[in-house]
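Chemist: A single structure is presented below for examination.
We did not get these values from a lab; they are worked out from the coordinates using the rules stated. Predicted model only: the values in this text are computed from it and were never measured. Cβ atoms come from the backbone with ideal geometry, glycine included; neighbour counts cover every protein chain shown.
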Amino acid sequence: MDIDKKHFTGGKTEGGITSSYATEDGVTLKVPYSFKGTIYDDAERAAVLAAMEQDSLTMGPKTQEFQNKFAKYHKVKHAFACSNCTTGMHVITQLFDIKPGDEVIVTPNTFVATSLVILKEGGIPVFADIDPRTFNIDPADVARKVTKKTKAIYVVHYAGLMVDMDPIMEIAQKHGLKVMEDCAHAIGATYKGRYAGSIGDASAFSFHSLKNITTCGEGGMITTNCDNYAAGIQNLRCMNNTQPWDQSVSEWKFGDKITCKKTSPLEYWLPAHFDVIPWNGHWGSNYRMNEIQAAVGCCQMEKLPMLTEKRREIGRKINAGLEGVKGIETVYEPEGYYHVYHLYTLCVNEKELGGSRDEFMRVLYQEEGVQGILHYQPTFHFTGLQRMGYDPNQCPLSSEFFYKRELNLPMHPRLTEQNIEDMINGVRNAAAKVRKRHCKA
């Protein structure tokens, strides 16, 4: 029995689709969709125990080590660990000083968090459609959506393939806009030799359970090459209290009374351990990472090249195994890009297949035992945004992609040769069954 079947718990969890795609419908699965995107071994277990013995269990030496390793790997000047990618993107939204009424151009083909951080600050997400081949935001549509109210562009490197960043940065420079890279899928990915998280003004990464590396199920990292933003990140992710009081002052007076006097430089506790000052008018939050997560992150960074190559090898095998299957489109990797296969997105050409994507998924799941899932429903179709008046018919390519074309096969570095073979055979068999049924009809 392979590891996925052994540890596939089934049933509902409090986290819903953010913690499991398990069902209780009686279907026997050969390849379930796993919610663990990485490999842990004795290195992580030892690191966790060692971190638990430290005096500091949050934002201590392991966090600094993790940040340093991450920055060096991605060739960025600054990296700051945080509680998750969403909180990292919220900090960046505050850094960009997004205010009520400011427009931010964003892709609808992403987890809702990318737009939520804009909405939390009162900004207005403006959705640009996707490139139908890469599934990433289309720079040409971004250019069409720029107005006098536009303040930033938020790109998402979908599935581990980076956005075409050169035209995005040209648009930003032309109009004086900030650029955030949502790198939740793209740790280690490159575009024309440059790493994800190193091109935009600031970027956020995810270490959620599903991701290519994970820090005990949750975690994030913010990267930037801007020194001023680095100071802001340190302030905003830690409740604005990273700044010490001015230690050159010997006495502190509030109103007409002297509150306290410092008689020696050794009296570090006076007037208090820290000061609190909002950053550019923004109040921070507690978005810190703990030392146990950071210790695991350090181990995961050592494994990252191996984990990435495993995903790429699996992706290449699936591509080769499905070559020539009528109605099935495999993963595309343009020249000059390095795809890290966070997701393996298979597309169905309904006209060539002779049946719908949903029919194909039903056969693949119920008859072939391969569990596919869908990412992502266009953000503007969620009830909350519909109530805000968003046009449900905008971005037709994104809607067609989600409702008619795509599904994601199981993808993680623990997949066995048997798992890969079962997926390839399952897709081939499901496609043949759908075609046959429609030919008879």
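Chemist: Take every DSSP beta bridge whose two residues both sit in the chain, then give the antiparallel share in percent to the nearest 5.
Modeler: Just about 65 percent of them are antiparallel.
Chemist: So, one more: With springs only between Cα atoms under 10 Å apart, run a GNM on the chain and tell me which of ILE373, ILE137, ILE118 wobbles the most.
Modeler: Comparing ILE373, ILE137, ILE118 in the GNM, the peak value goes to ILE373.
Chemist: Hand me the GluC sites (Glu not before Pro) from the stretch 342-441 located in a DSSP loop with no more than 16 other Cβ atoms within 10 Å, in residue order please.
Modeler: Here the sparse-neighbourhood loop sites are GLU367.
Chemist: Also, quick follow-up: If you take the Cα Rg of the stretch 66-178 and divide it by 2.2 N^0.38 Å, with N the number of residues, what do you get?
Modeler: Here the Cα radius of gyration is 1.07 times the empirical estimate.
Chemist: Taking every pair of alpha-carbon atoms in the stretch 175-252, give the share separated by more than 14 Å as a whole percent.
Modeler: 70 percent
Chemist: Oh, and also: Rounded to the nearest 5, what is the percent of antiparallel bridges among the DSSP beta bridges in the stretch 107-200?
Modeler: Of the beta bridges lying entirely in the stretch 107-200, close to 40 percent run antiparallel.
Chemist: Also, quick follow-up: If you take all C-alpha pairs in the stretch 86-126, what percent of them are over 10 Å apart?
Modeler: 64 percent
Chemist: Can I ask one more? Which of MET361, ILE124, ASN349 sits farthest toward the positive end of the charge dipole of the chain, with +1 on the Cβ of Lys and Arg and -1 on the Cβ of Asp and Glu?
Modeler: It is ASN349.
Chemist: Also: Using θ = phi - 60° and the Karplus relation 6.51 cos²θ - 1.76 cosθ + 1.60, list the HN-Hα couplings for the stretch 133-144 in order, rounded to whole Hz, with x at every Gly or Pro.
Modeler: Per residue, the Karplus-derived 3J(HN,Hα) values read 9, 9, 6, 8, 4, 8, x, 5, 6, 4, 4, 5 Hz.
Chemist: To continue, here is another question. Among ASN212, VAL104, ALA71, whose Cα lies farthest out toward the positive end of the dipole of the chain, if unit charges sit on the beta carbon of Lys, Arg (+1) and Asp, Glu (-1)?
Modeler: Highest projection toward the positive end goes to VAL104.
Chemist: Rounded to whole Å, give me the distance from the Cα center of the stretch 309-342 to that of the stretch 114-137.
Modeler: Computed from Cα coordinates, the inter-centre distance equals 26 Å.
Chemist: Which of THR215, THR147 comes first, and how do the rest follow, when ranked by fewest Cβ neighbours within 10 Å?
Modeler: Placing the least packed residue first, the sequence is THR147, THR215.
Chemist: Hey, if you drop one equal point scatterer on each alpha-carbon of the chain and run the Debye formula without solvent, what base-10 log of I(q)/I(0) do you get at q = 0.06, 0.07, 0.09 Å⁻¹?
Modeler: Cα-only, vacuum Debye calculation for the chain: -0.29, -0.39, -0.62.
Chemist: Moving on. Fewest first, what order do ASP422, ASP358 take by the number of other Cβ atoms within 10 Å?
Modeler: ASP358, ASP422
Chemist: Taking neighbour counts of Cβ atoms within 10 Å as a proxy for exposure, in what order, fewest first, do VAL117, VAL146 appear?
Modeler: VAL146, VAL117
Chemist: Moving to a separate point now. Output the 0 to 90 degree angle, nearest 10, between the alpha-carbon long axis of helix 85-95 and the longest principal axis computed from the alpha carbons of the chain.
Modeler: So the helix axis and the longest Cα principal axis differ by about 50 degrees.
Chemist: Follow-up question, since we're still on this one. Using the Cα centre as the reference, give the magnitude of the dipole from point charges on the C-beta atoms of the stretch 90-198 (Lys, Arg: +1; Asp, Glu: -1; all else neutral), rounded to the nearest 20 debye.
Modeler: So the magnitude is around 220 debye.
Chemist: Assigning unit charges at the beta carbon (Lys, Arg +1; Asp, Glu -1) and nothing else, what dipole magnitude in debye, to the nearest 20, does the stretch 178-248 show about its Cα centre?
Modeler: For the stretch 178-248, the charge dipole is close to 240 debye.
Chemist: Further question: Under unit Cβ charges (Lys, Arg +1; Asp, Glu -1), what dipole magnitude, rounded to 20 debye, does the stretch 189-301 have relative to its Cα centre?
Modeler: In total the dipole reaches around 220 debye.
Chemist: Then there is this: Averaging the inverse of every distinct alpha carbon separation and then flipping it gives the Kirkwood radius. What is it for the stretch 338-441, in angstrom units?
Modeler: Its Kirkwood hydrodynamic radius stands at 15.3 Å.
Chemist: Around THR58, which amide H atoms from residues at least 5 apart in sequence, or from another chain, sit under 5 Å from its own amide H, with H modelled in the peptide plane?
Modeler: When sequence neighbours closer than 5 places are left aside, the close amide H contacts are GLU291.
Chemist: 5 Å is the cut-off here: which amide hydrogens, built 1.01 Å from N in the peptide plane, fall below it relative to CYS82, excluding neighbours closer than 5 in sequence?
Modeler: The list, which skips near neighbours in sequence, is GLY220, MET221, ILE222.
Chemist: Report the one residue of ASN429, THR147, ASN225 whose Cα lies farthest in the direction of the positive end of the charge dipole of the chain (charges on C-beta: Lys and Arg +1, Asp and Glu -1; origin at the Cα centre).
Modeler: ASN429
Chemist: Per the helix-only calculation at 222 nm, which mean residue ellipticity applies to the chain, given -39500 (n - 2.57) for every DSSP H run of n ≥ 4 and division by its residues, nearest 500 deg cm²/dmol?
Modeler: Calculated from helices alone, the mean residue ellipticity at 222 nm is -11000 deg cm²/dmol.
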